[in-house]
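So the structure is just underneath, and the comments pick up after that.
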Amino acid sequence: IAVDHVTPEEFTEIYGSFGYDQAIARDPNSLSYVAEPVKGVWLFGIDSCQYDSNLVTGHPETGGTIADSTLDWILDKLFEARLRHKKVIGFLHHGLLEHYQGQSQLYGDYVIQDWETVSETLSAAGLQLVFTGHYHANDITQSEWEENRLYDVETGSLVTYPSPYRMVDLHGKNAAAVKTYYVDEIDYDTS
């Protein structure tokens, strides 16, 4: 049975106030964008979803990938950020790194396809910190390649107990302090 769905264009309208309206750059081939919420910090909203195949296959595709054209666009923007001395932080739905050995074999839809190559490529281009979700767990993992390092901060969902969210303080040249908080009450009359 076909059900209503949100198109990519509708998605950018719905989430306009969450970054799309403030974008300083948009990838023409995906929903990826760059925003600068504070001077000197570029947030990369990276589209890792495969929604194009949902209508073709007739069911939702839950796995993630970064298309070659989008990866090229991200690498170009990371190069620009480096030239302009911007701190960069990435955000994407799917994990960029495995959070435990064998995750890609056991739960492959939770990390992007070709995660080993893509994560190393992005790290070499200057991405050191990325926030992810999809697995709905709270965990931080890292990988290192020669002088490059990448931290993947996976955060649980507000709709999954214990309803965690993260706050990050950026300080120093390349330092970040990540703290986890929990929603334990909502000041709203639910009747």
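The values are calculated or read from the model by the stated rules, or taken from the named source; none is laboratory data. Small disclaimer: the values here were computed from a predicted structure and weren't measured. Neighbour counts run over all protein chains shown; Cβ positions are idealised from the backbone, glycine included. Heads up: the accessible areas ignore ligands, DNA and RNA and are worked out on the full protein's heavy atoms, side chains in. Shrake-Rupley method; radii C 1.70, N 1.55, O 1.52, S 1.80 Å.
The set of residues in the range 3-29 being aliphatic (A, V, I, L, M) and open to solvent by 100 Å² or more (accessible area, probe 1.4 Å) consists of V3 alone. Residues in the range 62-102 that are in a helix (DSSP H, G or I) and touching a residue at least 12 places away in the same chain (Cβ under 8 Å): S69, T70, L71, W73, I74, L75, K77, L78, F79, A81, R82.
Whenever a residue of the range 177-191 is closer than 22 Å to T155 by Cβ, its partners that are assigned to a loop (DSSP other than H, G, I, E, B) and open to solvent by 100 Å² or more (accessible area, probe 1.4 Å), lying with C-beta atoms within less than 7 angstrom and at least six residues away or across chains, give the pairs V183/L158.
Considering only residues that are open to solvent by 30 Å² or more (accessible area, probe 1.4 Å) and either among the aliphatic types (A, V, I, L, M) or under 19 Å from W115 (Cβ atoms) (or both), which ones fall in the range 74-90? First the steps, then the outcome.
Applying the first criterion (open to solvent by 30 Å² or more (accessible area, probe 1.4 Å)) to the range 74-90 yields 75-77, 79-80, 82-87.
Hits for the range 74-90 are L75, L83.
On inspection, L150 passes the criterion of being touching a residue at least 40 places away in the same chain (Cβ under 8 Å) and either in contact with a helix residue (DSSP H, G or I) (Cβ under 8 Å, 6 or more places away or on another chain) or of a type in the set (F, W, Y) (or both). Residues in the range 154-169 that are of a type outside the set (D, E, K, R), surrounded by fewer than 15 Cβ atoms within 10 Å (Cβ to Cβ) and in a strand (DSSP E or B): Y165, M167, V168. Summed over the range 16-61, residues that are within 17 Å of the chain's Cα centre (by Cα), outside any strand (DSSP E or B) and in contact (Cβ under 8 Å) with a residue 40 or more places away in the chain total 8.
Each row is one residue, and each column tells you yes or no for (1) crowded, with 17+ Cβ neighbours inside 10 Å; (2) outside any loop (DSSP other than H, G, I, E, B); (3) not basic (K, R).
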| residue | (1), (2), (3) |
| --- | --- |
| Q105 | no, yes, yes |
| D109 | no, yes, yes |
| E116 | no, yes, yes |
| F131 | yes, yes, yes |
| A137 | no, no, yes |
| T141 | yes, yes, yes |
| D152 | yes, yes, yes |
| V178 | no, yes, yes |
| I186 | no, no, yes |
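Would you say V159 is of a type in the set (V, I, T) and modelled with pLDDT under 95? In short, yes.
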